[in-house]
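First comes the structure, then the notes that go with it.
The values are calculated or read from the model by the stated rules, or taken from the named source; none is laboratory data. The structure displayed is predicted, hence computed values, not measured ones. Positions of Cβ are backbone-derived with ideal geometry, glycine not excepted, and every protein chain shown enters the neighbour counts. Just so you know, the surface numbers come from the protein's heavy atoms only, side chains and all, with ligands and any DNA or RNA stripped out. Shrake-Rupley method; radii C 1.70, N 1.55, O 1.52, S 1.80 Å.
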Amino acid sequence: MKTTLALVLAALTLSCSSAPTATPPSPPAAAPATVPAPATGKWDHDWARGAVFYEVFVRSFADSNGDGVGDFRGLTGKLDYLNDGNPATDTDLGVDALWLMPVFESPSYHGYDVVDYEKIDSEYGTAEDFQRFLDEARRRGLRVIVDYVINHSGAGHPWFVEAAASPSSPRRSWYVWRADDPGWRQPWGSGPTWHRNDKDGTYYYGIFWGGMPDLNWGTPAVREEMERVGASWLARGLDGFRLDATRYLVANGPGEGQSDQPETHAFLKAFAERMRREKPQAILVAENWTDTEKIAPYFNDLPMNFNFPLAEEILRAVRDDEAAGIAGKLEEMADLYPPGAIDAPFLTNHDQQRLATQLGNDPAALRSAAAILLTLPGAPFLYYGEEVGLQNGNGSGDELKRTPMPWDATPGGGFTTGRPWFRFAPGQETANVAAQTGDAGSLLSHYRRLIRARKSSPALLKGDLKLLSPGNRSTPVLAFLRETAGERVLVVHNVTGKEAEAGPYAVEAAQLEPLFGTGTATRGDQGWTVKVPAGESVVWRAR
């Protein structure tokens, strides 16, 4: 299931006192959003710039009680794998922050149909289990953000049950209603977005399906409640939220009228201002699955946005032995993104076929994709299991993208002592943590070295990017400089299956000291010429 956020204006609602009519009314002009006065102070996001995030599906990560479902006690027990809190060790992955997929009470396996925004899903444990997890994460220096599904509730939420019961319900305006179905389709061209309410024959808006009715953020009480809940979770120790498909927050009509509306930006800006007042260090990262030109304006509303176009170019580059697409996308970002934007690059996530499957389980391609991701500016996100080459299950269902984490090759996979809630993906015999731990040549060891190299270099961590490769003609390498006031590094990724020579690059340095990878660098009159082995990535520190 593709999970997104959609936010629909009150202007599209049928008045709760109106009787159904034979034909749908024309959508009136959008009502102006009520936006609070700008917050004082600024975001304090220095911790997030350069941080490595790790996406976790709690249900599939670690089961502590043998019921086959991952839980917070299990996740807490695996924190040392992610970050043991000791920078001197090299046996943990070394990530800085966790993104948890939905953890609030829900009747479904995926959790996007929330029925209680203030209660931890009972399958994952108690409030005390969650608090202990937060405390243990904090003790290791790990930040934690969670999915906050502000577009819609589940149809089983008491708010919707009350709203659907009667047109005169006090909660009626918390959702979006009209007399009949105008025939709108989902923006991505799939199913309907209006659903019949069997209790009175009217229709409510739900961009995903009838089981997830959209909240009406045009209603002040909805905005106030969702902001209150968000603020309360920040006060309880969360470090922010992942907001799902925010480009669909407001619908002013069918087709393109369901995405990227001006009111969407107004509502997001107001929500962000409230979260900033509560906790300036909190991060908000949005999913806007679209092109760069449409993503860029969202940086004026929210601190971070996932970079889907760049992810596509990285995968294409390592599949096709061609780096020009990445270079072109980086040029486009430099032109369109506002100064100081914190990009959120990634390779794949829970809505996509897994990386190892898309790349044909090719070890060189997997290593190359990881190296490109972890040398880019911003805050890169890893999807759980990506670091051991976890494949997709056989099929296209969303459960097959979210299978249990393979800790070892036993029947329970080290995930559970019982029967896993879902079968393991193919390749568990070698794509598991135990098999790759201690193997210097494994994909897991590669990820660990990359993250440590990133943290050891101020330029890789927080530096600006100066592109050296062309975006308008074929190139076997992606080359760029990462620069801070005190350090410069030259990064060269050879995405092809044979040795590549590149340059000369005008890098002022007496020598180039290898920081990661193996290659040669020779200084000439025109600059530095480098040779990089097939499929390898090299980082040199300029001295």
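Which number do you get for Rg(Cα) / (2.2 N^0.38 Å) in the stretch 319-437? Mind showing how you got there, number by number?
Details: Rg = 16.5 Å, N = 119, 2.2 N^0.38 = 13.5 Å.
That works out to 1.22 for the stretch 319-437.
Would you please report the Å³ per residue occupied by the convex hull of the alpha carbon atoms in the chain?
Cα convex hull per residue, to the nearest whole number: 146 Å³.
Any idea which of 427, 443, 475 is furthest toward the positive side of the dipole for the stretch 376-489, if Lys and Arg beta-carbons carry +1 and Asp and Glu beta-carbons -1?
Towards the positive end, the residue furthest out is 475.
As an exercise, identify the trypsin sites (Lys or Arg not before Pro) in the stretch 107-211 lying in DSSP coil whose Cβ has no more than 16 other Cβ atoms within 10 Å.
140, 199
With the other protein chains left in place, how much accessible area per residue, in square angstrom, belongs to the chain at a 1.4 angstrom probe? If you can, show how the numbers build up before the last one.
Numbers: 20130 Å² over 543 residues.
Per-residue accessible area for the chain comes out at 37 Å².
How much net charge surrounds residue 154 when only other residues with a Cβ under 11 Å from its Cβ are counted (Lys, Arg +1; Asp, Glu -1)? Write out the running numbers ahead of the final one.
On the way: positive: none; negative: 105, 113, 116.
Summing Lys and Arg as +1 and Asp and Glu as -1 gives -3.
For the stretch 175-260, what size does the Cα cloud have along each of its three principal axes, sorted from largest down, in whole Å?
Projected onto the principal axes, the Cα atoms of the stretch 175-260 cover 43, 29, 21 Å.
What does DSSP give for the chain in terms of the percent of beta bridges that are antiparallel, rounded to the nearest 5? Spell out each step's value before the answer.
Values: 40 of 64 bridges.
About 60 percent, rounded to the nearest 5.
Please report the projected area of the stretch 80-224's Cα convex hull averaged over all directions, in nm².
Convex hull of Cα atoms, orientation-averaged projection: 11.1 nm².
Among 173, 384, 216, which residue has its Cα positioned farthest towards the positive end of the charge dipole of the chain, with +1 placed on the Cβ of Lys and Arg, -1 on the Cβ of Asp and Glu, and the dipole taken about the Cα centre?
Looking along the dipole axis, the top candidate is 384.
What percentage of the solvent-accessible surface of the chain, computed with a 1.4 Å probe over protein heavy atoms, is contributed by carbon and sulfur atoms?
Result for the chain: 50 percent of the exposed heavy-atom area is carbon or sulfur.
How much accessible surface does residue 522 have with a 1.4 Å probe, in Å² rounded to 10?
90
Report the semi-axes of the equivalent ellipsoid for the stretch 305-347 in whole Å, largest first, where each axis is √(5λ) for an eigenvalue λ of the Cα gyration tensor.
Values: eigenvalues 79, 28, 6 Å².
They are 20, 12, 6 Å, listed from largest to smallest.
As a test of the formula, what do you get for the chain when each DSSP H run with n ≥ 4 contributes -39,500 (n - 2.57) and the sum is divided by the residue count, at 222 nm and rounded to the nearest 500 deg cm²/dmol?
Taken over the chain, the calculation gives -7000 deg cm²/dmol.
Restricting to DSSP loop positions (anything but H, G, I, E, B) with no more than 10 other Cβ atoms inside 10 Å of their own Cβ, which GluC sites (Glu not before Pro) remain in the stretch 450-543?
Qualifying residues, ordered by number: 508.
What per residue convex hull volume, in Å³, do the alpha-carbon atoms of the stretch 179-327 yield?
Working: hull volume 22.8 nm³, N = 149.
Hull volume over Cα atoms, normalised by residue count, gives 153 Å³.
Just flag the trypsin sites (Lys or Arg not before Pro) in the stretch 233-296 sitting in loop per DSSP whose Cβ has no more than 16 other Cβ atoms within 10 Å.
Taking the stretch 233-296 and a limit of 16 other Cβ atoms within 10 Å, the loop trypsin sites (Lys or Arg not before Pro) found are 236.
Sorted by accessible area with a 1.4 angstrom probe, largest first, how do 110, 265 fall?
Greatest to least solvent exposure: 265, 110.
What does the convex hull of the alpha-carbon atoms of the stretch 62-157 project to on average, in nm²?
Directional mean of the projected Cα hull area for the stretch 62-157 stands at 6.4 nm².
Say the cut-off is 18 Å between C-alpha atoms; which of 269/294; 329/455; 329/466; 498/531; 401/455; 279/462 go over it?
Correct reply: 329/455; 401/455; 279/462.
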